[in-house]
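So the structure is just underneath, and the comments pick up after that.
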Amino acid sequence: MRLEYFDMIDTVVTFDPSQKRIVTRSTVPAASPVFEGHFPGHPLVPGVLLTETMAQASGYLLLGLNGLSQMPFLMTVDKARFRTFVEPGTVLDAEAELVIEGSGYAATKAKLSSAGKPICDAQLRFRLMPFPADMRTLMQGRIEAIGLEPEPAP
Amino acid sequence: MSATFETVAGIISETCDIPRDKITPQSHAIDDLGIDSLAFLDIAFAIDKAFGIKLPLEQWTQEVNEGKAPAEQYFVLENLCKRIDELVAAKKA
């Protein structure tokens, strides 16, 4: 996990296309420039980055299901709840499941936990669009790096 | 007015914070109500959930962009509601 690069997912634990569900794992780094401001002497992962982690887990789920045929962009965050603080060194499990796939959008439910303890959850929606420029190649590289094996493209 | 229109108008009012009395069957979602494409996806999500259908928004947008259909055919609310009723009927058939 590299907070300052928005590189939130370390590895895929499970990807189940039949259940339309993914579980990923990440370890919060011991040090990051983010912690210098949030907060000095009391490092905590900002809620916005916890939301980003849920969004990226959901995004990889959608990419895995659609075989990298469309790129998901976060468009709506509903009912976000942050239940506990996240400190450096924490191992985060992100779980995301598909709720609805519509025409041009998809909705997921996502949550983060650590050692089974709930951290946060939200309902997310994504706009599905053609890949801009060379972004598909970039995402292909990221998917390989975290160990996601996507379904064949429709 | 139809139950479909009442449901759709309620969804638009709540999703886009538009006063309900400004939404009529003749309203054009884009030209009259100022709904942009991103907001329309939120509306499509709510309509899909409420009616148990999948609005073919990508197909409609492509038809309009390619000049194969006028935007009014899908984005004037009374026409949108007709499309929704057709999709609901097709699902039941």
Looking only at residues in the range A:78-114 that are β-branched (Val, Ile, Thr) and more than 13 Å from the chain's Cα centre (by Cα), which one is nearest to the other protein chains (Cβ to nearest Cβ)? A:100
Is one or more of the residues making up the range B:21-31 in contact (Cβ under 8 Å) with a residue 12 or more places away in the chain, more than 22 Å from residue A:101 (Cβ to Cβ), away from chain A (no Cβ under 14 Å) and touching a Pro at 6+ places or on another chain (Cβ under 6 Å)? no
What single numbered condition from (1) within 14 Å of chain A (Cβ to nearest Cβ); (2) of a type in the set (Lys, Arg); (3) assigned to a loop (DSSP other than H, G, I, E, B) fails to hold for residue B:68? (1)
With the structure loaded, tell me whether residue B:78 is among the acidic types (Asp, Glu) and either in contact with a Lys or Arg (Cβ under 8 Å, 6 or more places away or on another chain) or farther than 19 Å from residue A:127 by Cβ (or both) or whether it fails that test. yes
Can you tell me how many residues in the range A:123-141 are more than 26 Å from residue B:37 (Cα to Cα) and without any contact (Cβ under 8 Å) to a residue 60 or more places away in the chain? 3
In the range A:66-87, what residues are touching a Lys or Arg at 6+ places or on another chain (Cβ under 6 Å) and farther than 15 Å from residue A:135 by Cα? A:75, A:76
Looking at the range B:47-60, which of its residues are touching a residue at least 12 places away in the same chain (Cβ under 8 Å), surrounded by fewer than 17 Cβ atoms within 10 Å (Cβ to Cβ) and assigned to a helix (DSSP H, G or I)? B:50
Can we say residue B:73 is assigned to a helix (DSSP H, G or I), surrounded by fewer than 16 Cβ atoms within 10 Å (Cβ to Cβ) and away from chain A (no Cβ under 14 Å)? yes
If I ask for residues that are more than 22 Å from residue A:106 (Cα to Cα) and over 12 Å from the mean Cα position of the chain (by Cα), which ones from the range B:48-93 would you list? B:64, B:65, B:66, B:67, B:68, B:69, B:70, B:86, B:89, B:90, B:92, B:93
Selection within the range B:14-42 - under 23 Å from residue B:54 (Cα atoms), assigned to a helix (DSSP H, G or I) and not polar (S, T, N, Q): B:14, B:16, B:38, B:39, B:40, B:41, B:42
When you go through A:14, A:84 one by one, which is the residue that is free of Cβ contacts under 8 Å to residues at least 40 places away in the same chain, part of a loop (DSSP other than H, G, I, E, B) and either among the β-branched types (Val, Ile, Thr) or surrounded by fewer than 21 Cβ atoms within 10 Å (Cβ to Cβ) (or both)? A:84
State whether the residues of the range A:50-73 include one that is buried (at least 16 other Cβ atoms within 10 Å of the Cβ), of a type outside the set (A, V, I, L, M, F, W, C), assigned to a strand (DSSP E or B) and at pLDDT 95 or above. yes
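The values are calculated or read from the model by the stated rules, or taken from the named source; none is laboratory data. None of these values were measured; they are calculated from a predicted model. All Cβ positions, even for glycine, are placed from backbone atoms using ideal geometry, and neighbour counts span all protein chains on display.
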